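To keep things clear, I will list the structure first and then write my remarks on it.
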Amino acid sequence: MGLFFGYLAIILLAAILITFGVEAVLRGSPGQAFAFLIDPSRPAPATVALIALTLIGVDALTRRPTQSVLIVAPVLLLLAWIGHEKRFYLGDPPYPTDFLYARQIVELMPLMVVERPMTGLLIALATIAGAALLFLLWRRSRFLPKTGLVGRVARLAIAIPPLFYFATHMDYASHSPLRSSMKISPKMWDQTANYQHNGLILAFSLNVPMANVAAPVGYSAQSMEAIAMDAGAAFVPARRPDIIMVMSESFWDPKRLPGVEITPDPIAFTRSIQSGHTFSPEFGGMTANAEFEALTGFSNAFLPYGSIPYQQYVRGEIPSLASFLKEEGYATLAIHPFQSWFWNRGNVYEAFGFDRFLSEENMEPLEKRGRLASDAALTDLLISEADASDDPIFAFAVSLQNHGPYEPGRYPDERIDVKSDGGEAARAAIHTFSEGMMDSDLAFKRLIEWAQKRKRETVIVFFGDHLPPLGQTYVSTGFMERTVSNRFGPPEELTRERETPLSVWSNRKGTIEDIGTISPAFLPLHVLRAADMKHPFYTGFLDAVHERWAVIDRHLAVGQDGSTREGWGRGALLDPLLRDYRLIQYDTMFGSRHGTERLFPPANAPLVAGRNNRINW
């Protein structure tokens, strides 16, 4: 019995050390990790207990005492390191859903290493050394005495019941006296505070239930029927204008950086025909979330924190601009000069109703600028596809050239002069980024000049998906206090850190002016307005929402009158329009589609040339 209590003491000590190590790595501060351990208002004892029980349970499976430390510790420390790096690049902590796009991270690793070569080298050396040490320790652990059947059963009896009981209390949406007694406090509306208070293990566990989207309060067939909306038929003018949308990777105005002089203006043309700005739901990455809003008219604000709809929720047909226009006789084309599995775009575009998706796998290689496919080549491809189409075309293109990081020397032919008070490293990053912006601006200008010469009416929408991941450059220039944007803050600060240029233009109407700053979810409304089209949801219900609200973000809603509502989704009184918006989105994506017939009615499209031969997946 004394040996067993000695074993438990060793396991408890190991759990404390693992907890300290995990928090030190995630927070980047041993001091903060120690503060977490000793703060009686935070659930460090619960974390230690969970890790200890897990170690005991794993020991029962390995049959050797303390061998579990060699399995559990590396896994948790790796998760903490991934979380630390994610916070560095994107500002968000790790979520369970991150595993859904692990392949994307692996593909982008070479780009990250180029920006931080010494860090990459140290990581590689540490990985090799850590793997070698783990291998040696594992070999030595084989000489530990084996645990008999009785001891293994005892360990499972100690570990499994409390772990199972604890797991049943991790649904943040339900009240739990157990959680309260252990000082576990879900802060799902502010994940930075969630991880700061609860620590990595518990905050990560609290986010597991978020993979399931619960029905909003009051959702039913009756509540959907009660939503007031324009149920008129969809209308498309007989002239059927071509519609081209370009979501430009990290397109942003670098002249907004304080203490920076850039000559000539890298986005001079875009500035001359700018309609307003998009308020991106993301910062420095997560392109797919901005794309989701722009194509569907739905909002990330109504989805769980940290979710990626493209990866998690698109499992069947979902109405989109593409599906509507396809039903109205359009050829629908998506283009992205990277691999189709990235962000699950291949499956998503098919579910959205695109006839074709041109990706790296099925298009002729595009000319590169730097290390990635150039915006100029992508524009040429867009033009050739539109000119070759016998039918009216809806084309949606996602560029790639300006993906970060922005290492010096990326473009050998320097056309821009940059002066900065933020130091040489900041100046070099700004220079590389500005060169890329000039390329994007010139490609956009080429697209507009081509459309101006066309007889067919053409609507073009051009916008940036999010601010670029310039990292320390933001701090060095004084643009932000951190390398990434905050999720919370004064409205004017969040707007500055999320706005990207937006242009909506037609070769019949010219620039659609004074759109202001809008969420990407309102882009379908402005696209169809520019094309003189009508739709029950995109120009009916969304128009009603947009008359009151310009920006709908998870933590901030901005009214058309400039008023702001921070934390709008947490109050007891939810704006009726936003309540109905949430109900419609849930009904369409997850529910029984009670309102689909009214909001997204099927259209009887006329026969159009070659329509049955356009599928190319």
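The values are calculated or read from the model by the stated rules, or taken from the named source; none is laboratory data. These numbers were taken from a predicted model, which means no experiment stands behind them. A quick note on method: Cβ atoms are made from the backbone with ideal geometry, for glycine too, and the neighbour counts reach across all protein chains shown. All accessible areas refer to the heavy atoms of the entire protein, side chains included, with ligands and DNA or RNA removed. Shrake-Rupley method; radii C 1.70, N 1.55, O 1.52, S 1.80 Å.
A compact table of results
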read-out: Pairs beyond 26 Å (Cα-Cα), from Lys326/Lys509; Lys455/Lys534; Lys445/Lys509; Lys368/Lys455; value: Lys368/Lys455
read-out: Accessible area per residue, Å², region 240-600 with all protein chains present, probe 1.4 Å; value: 33
read-out: Assigned charges on the beta-carbon of Lys, Arg, Asp, Glu; region 1-210 dipole about Cα centre (debye); value: 760
read-out: For Val246, residues with placed amide H under 5 Å, excluding near neighbours; value: Ala397, Val461, Phe462, Phe463
read-out: Top positive-direction residue, dipole computed over the chain with Cβ charges, set Pro304, Pro117, Ala80; value: Ala80
read-out: Length released on extending from Ala268 to Leu3, taking residue separation times 0.36 nm less the Cα-Cα span; value: 87.9 nm
read-out: Partners for Lys453 among aspartates and glutamates (Cα-Cα distance below 13 Å; same-chain residues under 8 apart left out); value: Asp387
read-out: Label corresponding to Cα extents along the principal axes in Å when calculated from the structure given, among (i) 90, 62, 49; (ii) 90, 57, 46; (iii) 93, 56, 51; value: (i)
read-out: Rg/Rh for region 1-90, where both radii come from Cα atoms and Rh is the Kirkwood radius; value: 1.03
read-out: Taking only Cα atoms of region 257-300, radius of gyration then Dmax in Å; value: 14.3, 39
read-out: Solvent exposure of region 1-210 as accessible area per residue, Å², 1.4 Å probe; value: 52
read-out: Distant-in-sequence amide H partners of Gly284 (H built 1.01 Å from N, under 5 Å); value: Leu467
read-out: Beta bridge orientation in the chain: antiparallel %, DSSP, nearest 5; value: 50
read-out: Percent breakdown of C-alpha pair distances by 5 Å bin, ordered from the shortest bin, for region 313-367; value: 5, 21, 27, 22, 16, 7, 2
read-out: Accessible surface of the chain [probe 1.4 Å, protein heavy atoms]: carbon and sulfur percent; value: 60
read-out: Gain in span if fully extended, Asp417 to Thr168, counting 0.36 nm per residue against the direct Cα distance; value: 83.7 nm
read-out: Dipole-positive endmost among Leu53, Ser29, Ser180 within region 1-210 (Cβ charges, Cα centre); value: Leu53
read-out: Expected 222 nm ellipticity per residue - DSSP helices of 4 or more, -39500 (n - 2.57), all of the chain, to 500; value: -14500 deg cm²/dmol
read-out: Globularity ratio of region 1-210, using Cα Rg and 2.2 N^0.38 Å; value: 1.09
read-out: Shape call, region 414-542: gyration tensor on alpha carbons, a/c limit 1.5; value: oblate
